[in-house]
1. Please identify the pairs in which a residue from segment 37-49 that is hydrophobic (A, V, I, L, M, F, W, C) has its Cβ atom under 8 Å from the Cβ atom of a residue that is loosely packed, with under 10 Cβ neighbours inside 10 Å, counting only partners at least 6 apart or on another chain.
2. Given the options 182, 177, name the one that is closer than 14 Å to residue 119 by Cβ and in a strand (DSSP E or B).
3. When residues of segment 23-36 are filtered for being at pLDDT 80 or above and either of a type in the set (Lys, Arg) or within 35 Å of the chain's Cα centre (by Cα) (or both), how many remain?
4. Would you say residue 77 is assigned by TED's automatic domain parsing to the domain that holds residue 164 and farther than 16 Å from residue 188 by Cβ?
5. Any residue in segment 64-88 that's without any contact (Cβ under 8 Å) to a residue 40 or more places away in the chain: show its pairings with residues that are exposed (fewer than 14 other Cβ atoms within 10 Å of the Cβ) and in a loop (DSSP other than H, G, I, E, B) at Cβ separation under 6 Å, as long as the two are six or more apart or on different chains.
6. From the set of residues in segment 60-78 that are under 10 Å from residue 99 (Cα atoms) and among the aliphatic types (A, V, I, L, M), which is surrounded by the most Cβ atoms within 10 Å (Cβ to Cβ)?
7. Answer yes or no as to whether residue 93 is under 19 Å from residue 181 (Cα atoms) and at pLDDT 85 or above.
8. If you scan segment 122-180, which residues turn out to be touching a Phe, Trp or Tyr at 6+ places or on another chain (Cβ under 9 Å), of a type in the set (D, E, K, R) and over 15 Å from residue 195 (Cα atoms)?
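The values are calculated or read from the model by the stated rules, or taken from the named source; none is laboratory data. If you're wondering where the values come from, they're calculated on a predicted model, not measured in any experiment. For neighbour counting, all protein chains shown are included, and Cβ atoms are generated from backbone atoms with ideal geometry for every residue, glycine included.
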Amino acid sequence: MNTTLRTKRGYMTLVCIFLFLNQSNIKAQVTIGEDREPHPGAVLELVSLSKHGLLLPHVSLTNAGTWQLDGTPVEGMTVYNEAPSTLNDLKGKGLYVWVDNKWRVAQQTTCNGTPSIGNISTDKTSCMVNEPFQAWVAPSVGATQYVWKITGAVSTAGYSNTNTISLVGMTKGTITITVKAIGVCGTTAESPAKTINIY
């Protein structure tokens, strides 16, 4: 009796496993959000009957050539880059796909064209050696960062990639300052040059 019961249970277990495996093969394609078959060409189909979307993982990429995720690089990995930087071959915010050992932009969320930039202002028109001064531009529409270029003997105290910079003239002479505004899409606009006399 016990042997027969164990045999029946064994058969039932095998039948359940077979049905489960068979069902798994049938459900190799999945629809989420609605009880219907997915598109024949889709492994996964998402359906929203209300105002919902697909939210991809958000990361802050710093270099297009650096994986920065857990595990080893895999072709086709997709993320949303929330960092506005356009340095190191990045193009600002948007969808990025890992292709040929590099993050490549799949789509950018915003692209306001070329940023605008005005004239540089300073708190001094001339100053003594070792006297600090500041330079700035009005915030640029469409700019995500600023790159300052200074020629002459000067040190940058409190340098940043914002629209303001602190400087100190090191020797007598003329300092020339320009600043470039960089937009989300990598477009740039450069200010007219500004000169400061150091005496």
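1. Hits for this filter: 43/28; 46/54; 47/36.
2. So the residue among 182, 177 that is closer than 14 Å to residue 119 by Cβ and in a strand (DSSP E or B) is 177.
3. Looking only at that region, the number is 7.
4. So residue 77 does not fit the description; no.
5. Hits for this filter: 67/73; 79/57; 80/56; 82/60; 83/60.
6. 77
7. yes
8. Within segment 122-180, 180 is the sole residue that qualifies.
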